[in-house]
1. Which one of THR312, THR278 is among the polar types (S, T, N, Q) and in a helix (DSSP H, G or I)?
2. Keeping to the range 336-376, report how many residues are open to solvent by less than 20 Å² (accessible area, probe 1.4 Å), within 20 Å of HIS398 (Cα to Cα) and of a type in the set (Phe, Trp, Tyr).
3. Take the range 1-32 and flag every residue that is open to solvent by 100 Å² or more (accessible area, probe 1.4 Å), in a loop (DSSP other than H, G, I, E, B) and basic (Lys, Arg).
4. Is one or more of the residues making up the range 59-82 under 16 Å from MET384 (Cβ atoms) and either among the small types (Gly, Ala, Ser) or in a loop (DSSP other than H, G, I, E, B) (or both)?
5. Out of the residues in the range 100-133 meeting the condition of being among the β-branched types (Val, Ile, Thr) and open to solvent by 10 Å² or more (accessible area, probe 1.4 Å), tell me which one is nearest to the chain's Cα centre (by Cα).
6. Checking the structure you have, find out if any residue of the range 264-284 is under 17 Å from the mean Cα position of the chain (by Cα) and without any contact (Cβ under 8 Å) to a residue 60 or more places away in the chain.
7. Just the residues that are at positive phi and without any contact (Cβ under 8 Å) to a residue 24 or more places away in the chain, please, taken from the range 86-132.
8. Could you tell me whether any residue of the range 335-358 is farther than 30 Å from GLU46 by Cβ, touching a Gly at 6+ places or on another chain (Cβ under 7 Å) and at pLDDT 95 or above?
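The values are calculated or read from the model by the stated rules, or taken from the named source; none is laboratory data. Predicted, not measured: the structure shown is a model, and the values here were computed from it. Cβ: placed from backbone, ideal geometry, glycine included. Neighbour counts: every protein chain shown. These accessible areas exclude ligands, DNA and RNA; they are computed on the full protein's heavy atoms, side chains included. Shrake-Rupley method; radii C 1.70, N 1.55, O 1.52, S 1.80 Å.
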Amino acid sequence: MYDYKAAFKTAVEQVKSEGRYRVFADLRRVRGQFPKAIRRRADGSEQEVVVWCSNDYLGMGQHPAVIGAMRAELEAAGAGAGGTRNISGTTRSAVDLEAELAAWHRKEAALLFTSGYVANEATLTTLQRILPGLIVFSDSLNHASMIAGIRNGGGERHIYAHNDLEHLEALLAAAPADAPKLIAFESVYSMDGDIADLAGTITLAETYGAMTYLDEVHAVGLYGATGAGVAERDGVLDGIDIVECTLGKAVGVMGGYIAADAMIVDAVRSWAAGFIFTTSLPPALTAGALASVRHLKAHPELREAHQERAATLKARFAAAGIPVMRSESHIVPVFVGDPVHAKMISDLLLEEHGVYVQPINYPTVPKGAERLRFTPSPNHTDAMMDDLVAAMDRLWTHCNVARLPAVA
């Protein structure tokens, strides 16, 4: 008889032997005190920690306007949505949220999904069903959800070198002129923190008759006059055919969505299995997201503070000789280059200094590119940064990890 248990054990042991076994921290966020949290250790004791790796970039998951809207909707509409939208109907706050999201990105319509992952996977798969012969051109560092959707569609696909528009153009030029084409890319790439050339990509799409599909997951809420993303910041919203975003990062709640021309959205709504057969988001979540989006649109000072905090942390790491990687966005990656060292530093930061930051290992990044990824928010104070940099400085020496030359 096949030994199923042994196979699963072997799979886990392989991950452990490569130094990339992940242990989840048991954290309880404290409302109104973000980025502080309470960690429960294995022995049941508790420790106060500062969270440095949350994707709740602006702390909106703790904002009184969001919590108040969720509480009110919970009292008014109850806990669950009751099932899929096709069977159980659509909650009022979901309808209002989709209208708000469409207007945010200057599109005709929007469609909610249960997560950004599902939005990408379902939409990119469905586009290949709706457009027979569609050729997809995908950036080599696109998120796993985009890769899954492109693969699941089963159509022809070409991977172009990361942010390399010359390579992309060569691939587009070699494709049949009359074939439907789609360029799938991200604005902010969350592991390296670099930003795509949106205007250049749009120009290529127009030249070669391709649609554009832009993932703004790590940019929505954070860039542009109203927070609609890098496309808004760069003044190219009209050049993006389909924008995909999340409600689980800067918006601070949960869910994902696409925004596009009304006919595109209606076709995806009618064909995408990942939408049709999934229970819809609870009304409290959509009400909270709606309150968050409206707040973000009206408060650009949050985005300004966010950028300042990221720039300050980068400068402080560099001054201490900590190998902060070059990043033009709010992402602050620190290079380690070894999975064992990355986990060791992460563990010591948590246990000895009350600093929570997860190591980023393969397959999220290539082997040999392991790192710690910091995401400072407007709520991270100078004192918190002082403690973090001092701890990192000590551990870099303790663990004998390569440094950068210190700068003034």
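1. THR312
2. The number of residues fulfilling the criteria is 0.
3. Listed by number, the residues that qualify are ARG22, ARG31.
4. yes
5. Taking the range 100-133 first, the residues among the β-branched types (Val, Ile, Thr) are 114, 118, 123, 125-126, 130.
Still in the list and also open to solvent by 10 Å² or more (accessible area, probe 1.4 Å): 114, 118, 125, 130.
On the way: THR114: 14, VAL118: 13, THR125: 20, ILE130: 27 Å.
The qualifying residue nearest to the chain's Cα centre (by Cα) is VAL118.
6. no
7. GLY89, the sole residue that qualifies.
8. Filtering the range 335-358 down to residues farther than 30 Å from GLU46 by Cβ leaves 335, 337-338.
With the extra rule that they be touching a Gly at 6+ places or on another chain (Cβ under 7 Å), the set shrinks to 337.
Narrowing further to those that are at pLDDT 95 or above: none.
Within the range 335-358 (the criterion being farther than 30 Å from GLU46 by Cβ, touching a Gly at 6+ places or on another chain (Cβ under 7 Å) and at pLDDT 95 or above), the answer is no, since none of the residues qualifies.
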